[in-house]
Amino acid sequence: MRLISLVDQIYIKARRIRQLQQSGGHAAVPEPVLDEYVGVLNYAVIALLHLKEGELELPGHLGELVFEPQWTDQGAARASFLEVTTKALSLLEAKNHDYGEAWRQMAIESITDELLSRCVRIKGLLEGAAGSEAISSQLYDTINYAAFALIRLGYANAANAAKDEDHDRH
């Protein structure tokens, strides 16, 4: 999958979240907004794995940038995943320290707008053939904003309740 396609997937999910926020939550497709934030976070992780694995050299044409992981076993894939997510968590903790948990006072709509803004920035960086470090920075911010939204919306509580419900059925 091309990096631009991953960024577009993040944009589509963030745009749907914004649409749901603007419509008061009325959706034709009954998928919870929490799942959209999870999707944003997951696509950003995949994009970072793409950058990490490819030792990216951005071509002049975005269509040439295709994700072809070189992992030969699950252990290598897991190690790459853990490296990216651990770095995201470390960054979240450092920024949380510096900004004093300001995100807790942000409106969820503002967090969604930040996600959309990151997509626009990444697309601009890709079109300008910026280095992978600048793109990675925006993707890590995307992960963290999605995590903030999930925390604010009680994702952990919802996930635990779903697990408990599933366990009770079996």
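None of the figures in this text is laboratory data; all of them are computed from the coordinates on show. Just so it is clear, the model here is predicted, and its values are computed rather than measured. Because the Cβ atoms are built from the backbone with ideal geometry, glycine has one as well, and the counts that use them run over all protein chains shown.
Okay, here's what the table says:
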item: Pairwise label distance in nanometres, Glu133 with Asn157, each label 7 Å out on the Cα-Cβ vector; result: 4.2
item: Label-point separation, Glu109 to His97 (7 Å along Cα→Cβ), nm; result: 3.5
item: Proximal charge balance of Val120 [Cβ under 15 Å; K/R count +1, D/E count -1]; result: +1
item: Extension gain, Met1 back to Arg78 (0.36 nm per residue minus Cα-Cα distance, nm); result: 25.8 nm
